[in-house]
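Participant: Take a look at the following structure, please.
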Amino acid sequence: MGKTFVMGDMHGAYRALRQCLDRSAFDYKHDHLICLGDVCDGWPETRACVEELLRIKHLTLILGNHDFWTRQWMITGHINDIWYDQGGLATLQSYDDGVPDSHRALFRKALPYYLRHNKLFVHAGIDPTLPLRRQDEDMFLWDRSLAKEAMDRFTRDVPGKLTSFDEVYIGHTGTGYPHPIQGGDVWLMDTGAGWSGVLSMMNTETKEVFTSDPVPDLYPGIIGRVKRA
């Protein structure tokens with residue numbers, strides 16, 4: 001296997017995804033991409049995002065809360081009202097001619113978290129006081145407390161670990177910065193692609209960062225998510 005990269009929340013922004021992959025010279029056969037979830041919802045190309053991810057031989061997809069809603073719809077047909085208002089409509093429209101089995105299978109296989117060499121990758125957060133096996137799915141999908149603690153460490157430039165892991169990579173909570181930031185041992189990877197920011201991708205060894213253009217610039221005249229959770 002080649003290099004390992006981690007990517008934040010893309011929210012249907014296929015053009016941003018392609019820019020990050022191109023700018024990093026990502027090798028689809030040899031490199032490893034760990035996607036922190038929220039592939040879906042907001043911008044109009046969720047289907048194209050999934051199709052592109054399926055081209056990657058070494059892909060690890062972490063389940064995000066938006067992916068959870070999308071998976072629920074793909075499997076049961078149920079349309080969650082909150083999901084619909086939070087960008088789900090764009091996902092529904094991107095699949096107006098049906099959901100390929102391969103797309104449904106990808107979300108079925110998505111992981112609650114991924115642990116490798118004591119580096120943890122999770123969509124939203126964890127409770128650092130509990131073993132992972134004792135934490136429920138809602139923590140991994142929805143938590144913002146760890147992100148807030150990491151943001152506080154970053155803004156006050158306070159050293160020290162927040163978890164027992166060497167590094168933790170999370171998305172879900174936007175930082176307002178156009179690049180990933182680190183607070184303690186936690187990397188915050190959501191740089192606002194679901195709103196007016198950019199999509200970010202980082203080499204986990206070198207910490208070299210690759211970002212897209214601001215996503216609204218890639219979709220002129222298109223309104224993405226119009227409400228904030």
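Each reported figure results from applying straightforward, stated rules to the coordinates on display, with no laboratory input. Computed from a predicted model, the values in this text were never measured in an experiment. Methodologically, a virtual Cβ is constructed for each residue, glycine included, from the backbone with ideal geometry; neighbour enumeration extends over all protein chains shown.
Participant: Counting just the residues of region 164-187 that are of a type outside the set (A, V, I, L, M, F, W, C) and not in a loop (DSSP other than H, G, I, E, B), which one comes out farthest from residue 198 (Cα to Cα)? So that I can check it myself, show each step before the final result.
Facilitator: As a first pass, look at region 164-187 and keep what is of a type outside the set (A, V, I, L, M, F, W, C): 164, 166-167, 169, 171-180, 182-185.
In the following step, the residues that additionally are not in a loop (DSSP other than H, G, I, E, B) were identified as 167, 169, 182-183.
Values: 167: 23, 169: 17, 182: 17, 183: 20 Å.
Within region 164-187, the match that is farthest from residue 198 (Cα to Cα) is 167.
Participant: Follow-up. Which members of region 64-111 meet the condition of being polar (S, T, N, Q) and in contact (Cβ under 8 Å) with a residue 60 or more places away in the chain? Walk me through it before giving the result.
Facilitator: The first filter runs over region 64-111 and keeps only residues polar (S, T, N, Q), leaving 65, 70, 72, 76, 80, 86, 91, 93-94, 102.
The answer is 65, 86, 91, 94.
Participant: Let me ask something additional. Give the residues of region 181-199 that are touching a Gly at 6+ places or on another chain (Cβ under 6 Å) and crowded, with 23+ Cβ neighbours inside 10 Å, sorted by residue number. Reasoning before the result, please.
Facilitator: Filtering region 181-199 down to residues touching a Gly at 6+ places or on another chain (Cβ under 6 Å) leaves 184, 189-192, 194.
Within region 181-199, 189, 190, 191, 194 meet the criteria.
Participant: Looking at 207, 161, can you tell me which residue is of a type in the set (Lys, Arg), in a loop (DSSP other than H, G, I, E, B) and touching a residue at least 24 places away in the same chain (Cβ under 8 Å)? Show your work before the answer.
Facilitator: Working: 207 fails: touching a residue at least 24 places away in the same chain (Cβ under 8 Å).
From the options 207, 161, the qualifying one is 161.
Participant: Please enumerate the residues belonging to region 118-143 that are under 16 Å from the mean Cα position of the chain (by Cα) and aliphatic (A, V, I, L, M).
Facilitator: Once the filter is applied, which keeps residues that are under 16 Å from the mean Cα position of the chain (by Cα) and aliphatic (A, V, I, L, M), region 118-143 yields 120, 122, 124, 126, 139, 141.
Participant: For region 170-180, enumerate the residues that are over 15 Å from the mean Cα position of the chain (by Cα) and surrounded by 16 or more Cβ atoms within 10 Å (Cβ to Cβ).
Facilitator: 177
Participant: Looking at 39, 6, can you tell me which residue is closer than 23 Å to residue 224 by Cα, buried (at least 20 other Cβ atoms within 10 Å of the Cβ) and β-branched (Val, Ile, Thr)? Give the derivation first.
Facilitator: Details: 6 fails: closer than 23 Å to residue 224 by Cα.
After applying the criteria, what remains is 39.
Participant: Could you please find all residues in region 7-66 being aliphatic (A, V, I, L, M), under 15 Å from residue 213 (Cα atoms) and part of a helix (DSSP H, G or I)?
Facilitator: Residues satisfying the conditions are 16, 17, 21.
Participant: Sticking with this one: Filter region 91-128 down to the residues that are closer than 18 Å to residue 42 by Cβ, out of contact with any helix residue (DSSP H, G or I) (no Cβ under 7 Å at 6 or more places or on another chain) and aliphatic (A, V, I, L, M) and list them by number.
Facilitator: Within region 91-128, just 92 meets the criteria.
Participant: Also: Return the only residue of 130, 218 being on the phi < 0 side of the Ramachandran plot and exposed (fewer than 14 other Cβ atoms within 10 Å of the Cβ). Give the steps one after another, and end with the answer.
Facilitator: On the way: 218 fails: exposed (fewer than 14 other Cβ atoms within 10 Å of the Cβ).
Of the residues listed, the single one that is on the phi < 0 side of the Ramachandran plot and exposed (fewer than 14 other Cβ atoms within 10 Å of the Cβ) is 130.
Participant: Can you find even one residue in region 5-20 that is more than 21 Å from residue 122 (Cβ to Cβ), in contact with a Lys or Arg (Cβ under 6 Å, 6 or more places away or on another chain) and of a type in the set (Phe, Trp, Tyr)?
Facilitator: No, the conditions are met nowhere in region 5-20.
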